[in-house]
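Inspection log for the structure reproduced underneath, given as structure tokens.
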Amino acid sequence: MVTTLITFEKAARIALFSLMPNRPYHAQWMITRKCNYRCKGCNVWQEQDTKELSTEEIKKGLDILRDLGVIEIVFSGGNPLLREDIDEILEYASRFFVTTVYDNGSMAAKKIDALRNVDFVAISLDSLDPAKQDYIKGVKGAWHNAMEAIETLHKNGIRVGVSPTISQLNLYEILDLTRYFLRKEIPVWYCLYSYDCAPGQNQLFKIGKKNDEFTITDYEAMVNLCDSLIALKKKNNNILITSQILNAVKNLYLTGERTWKCKALKSFFIIDHRGRVAGCHVQDPVASIFDLPKMWDSPKFKELRKKYRECNRCTYLCYIFYSLHGSVKGNFQIAEENWRSAKLFLKGDSVKFPGLVKTR
């Protein structure tokens, strides 16, 4: 049985800050560059940095985010579950924030107790084809690990979802992957393949150069996928992406025009493993998390927000999401469209994964 761990205090705080304008609603914290996979579309594993904030420094940073008005935090990396103190970090964060943690499928099943505290666990699964998944992740057995993690977490009452990264390599199977997990009442939300737009600059968190194998070239297929997902959303609320986002992406691939202005450093921002802050990971660091309280309303940040509004360098879905929905009105739009999806996390029927065989 899936149970909700949200407290009255946490729910009240989220409701209050959701109605407050001009606050940062979302923070993504890339708390480590450690990674145990070798993904083809990412070079984090090739550019390691062992210097990262301590447990107490991260908790101090979380206190700052809470006071600033952040209501949702996403922990990523690298693989955040590789941190030895991740249990303590997740327990502390989940007291105050809607908390999501990403995993490549290798660690989640080993971290059941830690993950009971969070609101969502996103497992990166890009294909139902074992060979293709293993190829994309650069590790033999990656598909099996991800499928087993999803099954194990669901059976243990953890709120788990699947997060495929849409690329040219899997574009034609995303709809089938989505339907597969919807039949099992497993929610799906998406990433869109992208890369470092200006490699070589002093950007916050480098991910990788452009890889032609992943870069979407079939625009018509991408448009059709958006249409199909919009239609599917009308029948199933476990597709956790709004129709507004899908229409914006569709328009981008149809016309090359963006229907949004970036709200980096306004409704969202990014923090790296050293505690440096930027509007997004492709921008230069502009502050330390410990300086955010005095910097947030500063003339420097106000000028940076104007600059970021005109930026059109990336297509990261999470940034598009919080640019389109990063306001009080946007919060109501999300609530109006997705509130019924909460039913998934208040129940937990057993889901069977036929064909999944445990290995020793």
Subset of segment 160-190 (residues that are open to solvent by 20 Å² or more (accessible area, probe 1.4 Å) and of a type in the set (S, T, N, Q)): Thr165, Gln168
Residue match in segment 210-225 (condition: part of a strand (DSSP E or B) and touching a residue at least 24 places away in the same chain (Cβ under 8 Å)): no
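Would segment 235-254 turn up any residue that is assigned to a loop (DSSP other than H, G, I, E, B), at positive phi and free of Cβ contacts under 8 Å to residues at least 12 places away in the same chain?
No.
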Yes/no for Ser267 being of a type in the set (S, T, N, Q), open to solvent by less than 40 Å² (accessible area, probe 1.4 Å), closer than 20 Å to His325 by Cβ and touching a Gly at 6+ places or on another chain (Cβ under 6 Å): yes
Residue that is farther than 30 Å from Asp85 by Cα and modelled with pLDDT of 95 or more, where the choices are Ile271, Ile230: Ile230
First in segment 122-150 and at pLDDT 95 or above, second anywhere and in a loop (DSSP other than H, G, I, E, B) and of a type in the set (A, V, I, L, M), Cβ under 6 Å, 6 or more apart: Ala146/Leu125; Met147/Leu356
Residue that is farthest from Pro24 (Cα to Cα), among those in segment 255-271 that are part of a loop (DSSP other than H, G, I, E, B) and of a type outside the set (A, V, I, L, M, F, W, C): Gly256
Residue within segment 63-77 that is surrounded by 16 or more Cβ atoms within 10 Å (Cβ to Cβ), of a type outside the set (S, T, N, Q) and farther than 21 Å from His281 by Cβ present: yes
Filter pass, Glu185 being touching a helix residue (DSSP H, G or I) at 6+ places or on another chain (Cβ under 9 Å), farther than 13 Å from Val282 by Cβ and at pLDDT below 95: yes
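Residue-by-condition table, conditions (1) modelled with pLDDT of 95 or more; (2) surrounded by fewer than 19 Cβ atoms within 10 Å (Cβ to Cβ); (3) in contact with a Cys (Cβ under 8 Å, 6 or more places away or on another chain); (4) part of a helix (DSSP H, G or I):
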site	(1), (2), (3), (4)
Lys294	yes, yes, no, yes
Lys300	yes, yes, no, yes
Lys307	no, yes, no, yes
Thr315	no, yes, no, no
Phe321	no, no, no, yes
Gly326	no, no, no, no
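The values are calculated or read from the model by the stated rules, or taken from the named source; none is laboratory data. What you are looking at is a predicted structure, and each value in this text was computed from that prediction instead of being measured. No Cβ is skipped: glycine too gets one built from the backbone with ideal geometry, and neighbour counts run over all protein chains shown. Surface accessibility is based on the protein's heavy atoms, side chains included, excluding ligands, DNA and RNA. Shrake-Rupley method; radii C 1.70, N 1.55, O 1.52, S 1.80 Å.
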